[in-house]
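All remarks here apply to the structure that follows.
We did not get these values from a lab; they are worked out from the coordinates using the rules stated. Every value quoted in this text rests on a predicted model; they were computed, and no experiment measured them. Note: ideal-geometry Cβ built from the backbone for every residue, glycine included; neighbour counts use all protein chains shown.
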Amino acid sequence: MRYIAILVSVFALSCARKALDLQANPHLTASRDPTSLGSIDEQVGPIAVDAERLYWLGSQGGYTDGGGASLRSCKKQACAESVVTYDADEAEPSANFGVENGQIYWAHFLGTDNVGRPSWSLSACPVSGCAGAPRAVVADVSDVYSVAYASDAIYLGGYRVALSGDAPPLALDATITDYGRLGVHENYLYWVDNQSALPGMETLHRILTNGTGTAETLANGVELSPYGSVNVANRYFASEFAFDSSYIYWSQGTLSGAIVRCPLTGCPGAPEIIVSPVRTPLTIVVDGSQLYFLHDSASHGFQISSCTIGDCAAPKLIASGLDSTNALAVDDQYVYTASTGATLDPSIEWTNPSANIRRFPK
Amino acid sequence: MNPGCSLRSKRVWLLLAASVAASSGCGGKSLVLDGAPVTTNTESPDAGAENVVAVPDPIMEFRADDTRVYWSTDSSRVKGCVFTDCEHTTVSYGTTEYGSLALGDHDLFWTPKVSTTTVLSCPKAGCAGAPTKVIQDTNLNPTSLTADGDYFYWPSAFDTYRCPASGCGDIPELVAKGELGISLQFAGRYAYWARVTYQGTDLQSPVVIRRAPKDGSEPPSTVLSLAVALNGSFLDFAADRAKLYWLDESSHVQSCALETCATAPPTTLVSTDTSKYSLQVDESGLYWFERGSSFGSGSVNFCSLGGCPSGPQPLTDDQVIDGNTPFLLSQNYVYWQRIQMLGDNSYTDERAIRRIRKPTP
């Protein structure tokens, strides 16, 4: 089973509208365009894909008006005829999701306590549909700012929650107070913190996920995506970490940004630059020797480009006019995304609460 | 009182009455008079003050050069005019949400109402067609725009960038990587800014004054690190080609030579204890604002760079001054704005932009 891990940040919680305003499920209209799985009247992102299905979080109100979000999927073949909605009465705009072993998992924001610490629950359904109420995996974990999904567990900040639901959350020796900077690879949880309080001076750490050992420091002076780059126009954060067997990759999401990497065991010096400059790189996917990255452009909205790692001086443009900062997923054959088809106005932001779900040959 | 003043006073009262009648829960202070003429009045209650540009709407921010003034209003308009004949030369540049303006040598910059992450520009004299899109950046702070020469400068994420008024490509010019240019200002070939850290929302000491060439051709360097007592307010500093000036915790004006700030003790230029704000400098001297005892009152004061042993020189006679930008300097003038106060200590929506020729040191 293909493993899907999606990073979530909950930074926008305080601004998120709590009450859902779900109208009738948006209708996904099939397309004859071979690059389109169909169009739907909602903003789409993030997305994920496994062998059979494409998954996405759709926002009917669009990002800019705080509308509610719903978690959906469809079969990659005949998408329009197979749309499933999992959480029509539960999803929060900042929720994100992971898929593993025929189940889809998502975090549900419960609220904040009297000192502002956010709490989350965790729900699950079969990918074929909930057929009733979602299964409650975890009822309430507090002081959680970030969520990451792995093959056998979900990490709510520094708490490891077994997907089986048969063990209480395991508190790792990791103080994770930052937002949206969490990733899991093999036996380690990776995160960044910013003890210096200086922008762009974060520290990358990792710790064994089995609860043994102490945190290691892998790199200092780490620059990730600043909150504003994805929070103003989009409520959902980018997946900023990617992994291969030897490296952790991340995007330095500035206007003169870069995608860099460090060995999984730590950076002996400055991170290695894979591609630079890139205007606000955000979500990245490493697929073998190929790097796929979602980035901004001055005149065509968000775009997806790709290159071969080690030969990235001239990336290949795959798609433009994207619908969100994290609408990027890759399977064996295709790159999946969602575009708006909006007409560009040079003076306004790229926002349009409708999407064309696209796929392009790799 | 001259005839112009009498006419204007009557008009203000009429406008005020209309505002109260038309208001809907906004305290009767919001006039919607878009398109109403901007008037020029030569009455001058300040000795030496020149003309008055009267704007029938609260001004959010204003800018000026020797020829023109530019302002944004509560009704989200960006306008400008020739100062000496505003009534017949007013032009509209567009709309704005936050009202911040920046003025370059040839262009006016602002963020449009429809997109607070976009900066537009037009020639100072007015837009010939659609405004130019200079940048779009979701990390833009639309409440504090900065320009110098023919470039727009801004801090974004971890870095400070610049872009020509004609617009950027995908990647703007990097002025300082890893440096957020807070309180950006310019002198000679350098950009100066404050590097600050916060603990929660509290500004932490020290505040570090940094600089780099405007074109980013050299890495940033530290001019001065100030261990200051911060009571929630931000460090007020100014620079010219030779020196750095700042207000210390006693509100005294200190200075140091740019090349020796880190090693030589500072020189005290102004030692009066009154609270000072908005310190600025030009080739003649230092300017700052002192708030008065009543709402909206205050004065602009001057001290030559050689010092003012007989005390600072007030340039405005306890004028009623309002706004986040209490005054600004052009090549030859000091500009400020005035509220039209009423006898019961209330005030109208009308604002006046005024100016006085700079003192000769």
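Ordering B:Cys261, B:Cys122 from the fewest to the most neighbouring beta carbons within 10 Å gives B:Cys261, B:Cys122. Using the Cβ-Cβ distance between B:Thr222 and A:Asn101 with R0 = 41 Å, the FRET efficiency computed as 1/(1 + (r/R0)^6) comes to roughly 0.15.
Treating r as the C-beta distance of B:Arg241 and B:Tyr277 and R0 as 22 Å, the FRET efficiency rounds to 0.40.
Remark: mean inter-chain Cβ contacts per residue of A:248-258 equal 5, using a 10 Å Cβ-Cβ cutoff to other protein chain atoms. Spatial offset of segment B:146-172 relative to segment B:250-289 amounts to 29 Å, using the alpha carbon center of each. Taking every residue in A:277-286 and counting other chain Cβ atoms within 10 Å of its Cβ, the average works out to 2. Summarising the label geometry, the points placed 7 Å from Cα in the beta-carbon direction at B:Glu259 and A:Ser151 lie 6.5 nm from one another. Look at B:Phe302, B:Phe152, A:Phe360 and count the other Cβ atoms within 10 Å of each Cβ; fewest to most, that gives A:Phe360, B:Phe302, B:Phe152.
Within the shell defined by Cβ-Cβ distances under 10 Å, the residues around A:Tyr188 carry a net charge of -1, with Lys and Arg each +1 and Asp and Glu each -1.
Applying 1/(1 + (r/R0)^6) with R0 = 41 Å to the Cβ-Cβ distance of A:Asp311 and B:Asp215 gives a FRET efficiency near 0.85.
Look at where the Cα atoms of segment B:68-109 and of segment B:322-361 average out, and the two centres are 16 Å apart. By the count of other C-beta atoms within 10 Å, a proxy for reagent exposure, B:Tyr287, B:Tyr347, A:Tyr149, B:Tyr277 are ordered fewest to most as B:Tyr277, B:Tyr347, B:Tyr287, A:Tyr149. Positive contributions from Lys and Arg (+1) and negative ones from Asp and Glu (-1), summed over other residues with Cβ under 10 Å from the Cβ of B:Pro172, come out at -2. The Cα atoms of segment B:110-215 give a gyration tensor whose axes a ≥ b ≥ c have a/c of 1.5 or more with a/b greater than b/c, which makes the shape prolate.
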